[in-house]
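Colleague: Provided herewith is a single structure, encoded as structure tokens, for subsequent inquiry.
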Amino acid sequence: MMIKRRRELEIMAEAAAINREALEAVEAAIAPGVTTAELNTIAEDAIVSRGGRPANKGYRGFPTTLCTSVNEVVVHGMPSNRPLVEGDIVSVDIGTFYRGYAADMAGTYPVGTISPEASRLLRTTERALYTGIGAALVGNRLGDVSAAIQVEVEAAGFWVVREFVGHGIGRDYHETPELPNFGRVGTGPRLRPGLVLAIEPMVTERPTSVQVLEDNWTAPTVDGSLAAHFEHTVAITEEGPWVLTGREAPRPIARGGGAHGA
């Protein structure tokens, strides 16, 4: 596991602030008739104007700043000129590099008025994210985070995607360890101060599997089930989880002690 020192976490918090502000600009523009290509332009302009660099664009050949995954697409949907329509849901995954460090974040948003079940799917997936974050404590194990997410999702009658997982993040966009959204309590490596995780539950309406289309990126459910995706970049600290991409002002990391000390 790649452990960060306090000064590295502070830079990552700056990258995360840029990333969050760009996603907020996208969120404000989501409406029927808007295209995901237009959302992509908004995101890229917001990142670049703040001194950042889009992390998705060019990553393993991915062509755009945003992943925009509509309805049954779980992840890695590509922005296009297809207008969003009333009742759609759109998952937006955005990443930013700043001063050599990355931040990663995602949210799923309603387009106009959506069905009650789609709304419940979004609420459950976001709640599962924060349940997982609550388990991201020094001394816990990676499997504790995974299990917390799975229990929250399945208690609501939804399904955790198995094909894609969360990950470590730092100087590289994707670092070890991988973080499944399903697992068993008490398993996996212990969480240490200075570890940064991209915690990202991906949830579908019902048990299903995910396929990857011929573009080698777009990943819809095989049966058309709706999918939701929420993500934060989270640092493990002695004080508790530090949600670097959270809307609240970043809180300071305690000086001294542990691998994240100055």
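Colleague: So if I take the alpha carbon set of the range 176-234, get Rg, then get Rh from the Kirkwood formula, what is the Rg over Rh ratio?
Modeller: Working: Rg = 14.5 Å, Rh = 13.9 Å.
Computed over Cα atoms, the ratio is 1.04.
Colleague: State in Å² the accessible area per residue of the range 1-81; use a 1.4 Å probe, count heavy atoms of protein chains only, and round to the nearest integer.
Modeller: On the way: 3360 Å² over 81 residues.
Accessible surface, normalised per residue, equals 42 Å².
Colleague: In the Gaussian network model of the chain, springs joining C-alpha atoms below 10 Å, which of A17, A219, A29 carries the largest mean-square fluctuation?
Modeller: A29
Colleague: For the range 171-186, just list the computed ³J(HN,Hα) in residue order, Karplus coefficients 6.51, -1.76 and 1.60, θ = phi - 60°, integers in Hz, with x standing in for Gly and Pro.
Modeller: Each residue of the range 171-186 in turn: 5, 9, 5, 10, 10, 6, x, 6, 10, x, 9, 8, x, 10, 4, x Hz.
Colleague: If you take the Cα Rg of the range 73-164 and divide it by 2.2 N^0.38 Å, with N the number of residues, what do you get?
Modeller: Working: Rg = 15.5 Å, N = 92, 2.2 N^0.38 = 12.3 Å.
So the Cα radius of gyration is 1.26 times the expected 2.2 N^0.38 Å.
Colleague: Across the Cα atoms of the range 130-227, what radius of gyration and what greatest pairwise Cα-Cα distance (Dmax) are found, in Å?
Modeller: Spelled out, the Cα radius of gyration and Dmax of the range 130-227 are 14.1, 42 Å.
Colleague: Using a probe radius of 1.4 Å on heavy atoms only, what accessible surface per residue do you get for the range 121-208? Whole Å² is fine. Mind showing how you got there, number by number?
Modeller: On the way: 3400 Å² over 88 residues.
Here the residues of the range 121-208 average 39 Å² of exposed surface.
Colleague: Got a sec to turn the phi values of the range 124-139 into Karplus ³J(HN,Hα) couplings, 6.51 cos²θ - 1.76 cosθ + 1.60 with θ = phi - 60°, whole Hz, x for Gly and Pro?
Modeller: With coefficients 6.51, -1.76 and 1.60, one gets 5, 5, 5, 4, 5, 4, 6, 5, x, 4, x, 8, 7, 10, 3, x Hz.
Colleague: Ranking request for peptides 136-149, 41-54: highest mean number of other beta-carbon atoms within 10 Å first, then the rest in descending order.
Modeller: Numbers: 136-149: 21.9, 41-54: 18.9.
Packing proxy ranking, top to bottom: 136-149, 41-54.
Colleague: I'd like the carbon and sulfur percentage of the solvent accessible area for the chain, probe radius 1.4 Å, heavy atoms only, ligands and nucleic acids excluded. Numbers along the way, then the final one.
Modeller: On the way: 5490 of 10580 Å².
Carbon and sulfur atoms account for 52 percent of the accessible area of the chain.
Colleague: Could you tell me how many degrees, from 0 to 90 and to the nearest 10, lie between the Cα long axis of helix 142-155 and the main elongation axis, the longest principal axis, of the Cα atoms of the chain?
Modeller: Approximately 30 degrees, to the nearest 10.
Colleague: May I ask you to derive the relative contact order of the chain, considering only C-alpha pairs under 8 Å and at least 6 residues apart, and to give it as an integer percent?
Modeller: Values: 689 pairs, mean separation 60.3, N = 262.
Relative contact order of the chain: 23 percent.
Colleague: Using every Cα-Cα pair within the chain, state what percent have a distance larger than 28 Å. Write out the running numbers ahead of the final one.
Modeller: Details: 10044 of 34191 pairs.
Of all Cα-Cα pairs in the chain, 29 percent lie more than 28 Å apart.
The values are calculated or read from the model by the stated rules, or taken from the named source; none is laboratory data. Predicted, not measured: the structure shown is a model, and the values here were computed from it. No Cβ is skipped: glycine too gets one built from the backbone with ideal geometry, and neighbour counts run over all protein chains shown. Each accessible area value is taken on the protein alone, full model and side chains, heavy atoms only, with ligands, DNA and RNA left out. Shrake-Rupley method; radii C 1.70, N 1.55, O 1.52, S 1.80 Å.
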